[in-house]
Amino acid sequence: MRILFGVQGTGNGHLSRCHTLSKWLNHYAVDVDYLISGREPSRLFDMGAFGDYQWRQGLSFATQNGRVDYLNSYRNNSFKQFWSDVKTLDLSAYDLVLTDYEPVTAWAAKRAKKQCIGIGRQYAFKEPSLYSKLTLLQRGLIDYFAPASRWLGMHWQPLDNCIAPIVREHQFEAEVSQRHVLVYLSFENLEQVVDALIPLKSYQFSVFHPSIKQTDNLDAPHILGFPPSREGFKCQFETAEYVLANAGFETTCEALQSDKQFAVKPLRGQFEQHWNSKLLADSQLAYVMHEISEDNVRAWLAGHQRAALNCEWPNMADNIAQWIKSGAQENEKTRLTALWR
């Protein structure tokens, strides 16, 4: 069976999750080609796991100062190019399409009437208990942005037909440095983030941000800045006692699994991050701040305790790869949803 796997490149979480899954697909000798969209090739990094991947422009959103910029999102997306890419993507060589919320492959599969399996966080919102809470616009995004004929939605805890998350495997046990804070707020204004951290001199901050081009101190000796890097992030993450990030799913899962003291700042106007932060707060799994400020960061560091739930999930990448290798039969999918029950 030959597979085309579409990966949404807008967020590093999509890439990280698919990077982990690609390792296990390769382990089981699954014949997979990859297509990446949503980010310019020059801004992609650590892409070796995807081999000689295809690239398309796809659809993405623009952000400014911690919120979705809808006007620039509309201006920056070429819907004519998107539909041209959908129509010209040849799927005749493939038996199955996988999509991690990547729209070109999803719509091409729909147009060609190919089986398409959606894998990722967004597909959890198809489950009735979450779908019923969405607005009509949010339902439209879930139903039509990257439509799939079947799906594997991921959640932190057992929910409807959801599966446990795919989480990066930890390769070593690192000693945690007390008062070391990893900050990953890629959608926020870097200057505003640094201004909030400068007065907190009793902590050591490792800040990852796409605006940073090389590792260096950021205006203060206790704030070290890092450019985006999969390996660099892993090293700093392992030794951090605290993690402060936007409310994307993948970093959230890694922090919960590693039992970090964890806070999120949701990207305003992005419905998935809104719901992620609300569900995390309702379950007391994370501290939620809606503005990055010295007072908010100080309050979290001074008073927040670790989540009551220590999430230890099965190796879903291994199990999903086995399921795909065996033909991705719908009647065998229940084994995946039952792994953590």
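Taking the C-alpha atoms of the chain, how large are the radius of gyration and the largest Cα-Cα span, Dmax, in Å?
Rg and Dmax of the chain, Cα atoms, are 19.6, 59 Å.
Taking H placed 1.01 Å from N in the peptide plane, check which residues at least 5 places from Gly248 or on another chain put their amide H under 5 Å from its amide H.
Long-range HN contacts for Gly248: none found.
Distance check, please: which entries in Lys126/Lys325; Lys23/Lys325; Lys80/Lys126; Lys133/Lys333; Lys23/Lys260 exceed 20 angstrom between their Cα atoms? Could the numbers behind the result be given before it?
Working: Lys126/Lys325 25 Å; Lys23/Lys325 13 Å; Lys80/Lys126 28 Å; Lys133/Lys333 25 Å; Lys23/Lys260 26 Å.
Beyond 20 Å: Lys126/Lys325; Lys80/Lys126; Lys133/Lys333; Lys23/Lys260.
Would you mind calculating the gained length between Phe145 and Glu127 on full extension (0.36 nm times residue separation, minus the Cα-Cα distance), in nm to one decimal?
Details: separation 18, 0.36 × 18 = 6.48 nm, distance 1.63 nm.
Here the segment from Phe145 to Glu127 would lengthen by 4.8 nm.
Short version: ³J(HN,Hα) in whole Hz for each residue of segment 94-107, in order, from phi by Karplus 6.51 cos²θ - 1.76 cosθ + 1.60 (θ = phi - 60°), x for Gly and Pro, what are they?
10, 8, 8, 10, 10, 9, 9, 6, 9, x, 5, 5, 5, 6
Once Rh for segment 184-341 is found with the Kirkwood sum over Cα pairs, what is the Stokes-Einstein diffusion coefficient at 4 °C and 1.567 mPa s, in µm²/s? Don't jump to the answer; show the numbers that get you there.
Working: Rh = 17.2 Å.
Result for D is 75 µm²/s.
How large is ³J(HN,Hα) for each residue in segment 6-16, as worked out from phi by the Karplus curve 6.51 cos²θ - 1.76 cosθ + 1.60 (θ = phi - 60°), to whole Hz, x for Gly and Pro?
The phi angles translate into x, 10, 6, x, 4, x, 5, x, 4, 5, 5 Hz.
Leaving ligands, DNA and RNA out of it, report the carbon-plus-sulfur percent of the accessible area of segment 236-298 at a 1.4 Å probe. Show your work: numbers first, answer last.
On the way: 810 of 1930 Å².
Carbon-and-sulfur percentage of accessible area, whole number: 42.
What FRET efficiency would be calculated for the residue pair Val176, Ser211, taking the C-beta separation as r and a Förster radius of 22 Å, to the nearest 0.05? Mind dumping the intermediate values first?
Values: r = 28 Å, r/R0 = 1.25.
About 0.20, to the nearest 0.05.
Let me understand segment 107-253 better: what is its radius of gyration from the alpha carbons, and its Dmax, in angstrom?
Cα-based Rg and Dmax for segment 107-253 come out at 19.2, 58 Å.
Note the full-extension length gain between Asn189 and Ser229 as 0.36 nm times their separation in residues minus their Cα-Cα distance, in nm to one decimal. Let's see the in-between values first.
Details: separation 40, 0.36 × 40 = 14.40 nm, distance 1.90 nm.
That works out to 12.5 nm of additional length.
How much length would be gained if the chain were fully extended between Ser293 and Thr239, taking 0.36 nm per residue of separation minus their Cα-Cα distance, in nm to one decimal?
On the way: separation 54, 0.36 × 54 = 19.44 nm, distance 2.40 nm.
Extra length from Ser293 to Thr239 when fully extended: 17.0 nm.
Roughly how many Å² is the accessible area per residue of segment 1-143, as a whole number, for a 1.4 Å probe?
On the way: 6660 Å² over 143 residues.
Normalised by residue count, the accessible surface of segment 1-143 is 47 Å².
Which value in deg cm²/dmol, rounded to the nearest 500, describes the helix-derived mean residue ellipticity at 222 nm for the chain, given -39,500 (n - 2.57) per DSSP H run of n ≥ 4 and division by the residue count?
Details: 13 runs with 119 residues, N = 341.
The per-residue figure over the chain is -10000 deg cm²/dmol.
Given the peptides 224-232, 10-18, arrange them by the average over their residues of other C-beta atoms within 10 Å, most packed first. It would help to have the intermediate numbers written out before the result.
On the way: 224-232: 16.2, 10-18: 23.8.
Ranking, from highest mean packing down: 10-18, 224-232.
For segment 72-152, with all protein chains present and a 1.4 Å probe, just round the carbon and sulfur fraction of the accessible area to a whole percent.
Details: 2130 of 3870 Å².
Summing carbon and sulfur atoms, their accessible area is 55 percent of the total for segment 72-152.
For segment 79-175, just say rounded, prolate or oblate: build the C-alpha gyration tensor, square-root its eigenvalues into a ≥ b ≥ c, call rounded for a/c under 1.5, and beyond that prolate if a/b exceeds b/c, oblate if not.
Values: a/c = 2.14, a/b = 1.37, b/c = 1.57.
Taking the square roots of the gyration eigenvalues as a ≥ b ≥ c, segment 79-175 is oblate.
Work out from phi, with θ = phi - 60° and the Karplus expression 6.51 cos²θ - 1.76 cosθ + 1.60, the ³J(HN,Hα) of each residue of segment 212-228, listed in order in whole Hz, and give x for Gly and Pro.
Going residue by residue, I get 8, 9, 8, 5, 6, 5, 10, 6, 7, x, 8, 10, 10, x, 10, x, x Hz, with x marking Gly and Pro.
Based on the alpha-carbon gyration tensor of segment 261-304 and its eigenvalue square roots a ≥ b ≥ c, which shape applies: rounded if a/c is under 1.5, prolate if not and a/b is larger than b/c, or oblate?
Numbers: a/c = 3.32, a/b = 1.38, b/c = 2.40.
Oblate.
Rolling a 1.4 angstrom probe over the protein heavy atoms, how many square angstrom per residue are accessible across segment 180-339? Numbers along the way, then the final one.
Details: 6480 Å² over 160 residues.
That works out to 41 Å² per residue.
Sticking with the crude label model, points 7 Å out along Cα→Cβ, report the distance from Asp46 to Asp219 in nm, one decimal please.
Distance between label points: 2.7 nm.
The values are calculated or read from the model by the stated rules, or taken from the named source; none is laboratory data. Please read all numbers here as calculations on a predicted model, not as lab measurements. Every residue, glycine among them, receives a Cβ derived from its backbone with ideal geometry; neighbour counts consider all protein chains shown. Protein only, heavy atoms only, side chains kept; ligands, DNA and RNA dropped before computing areas. Shrake-Rupley method; radii C 1.70, N 1.55, O 1.52, S 1.80 Å.
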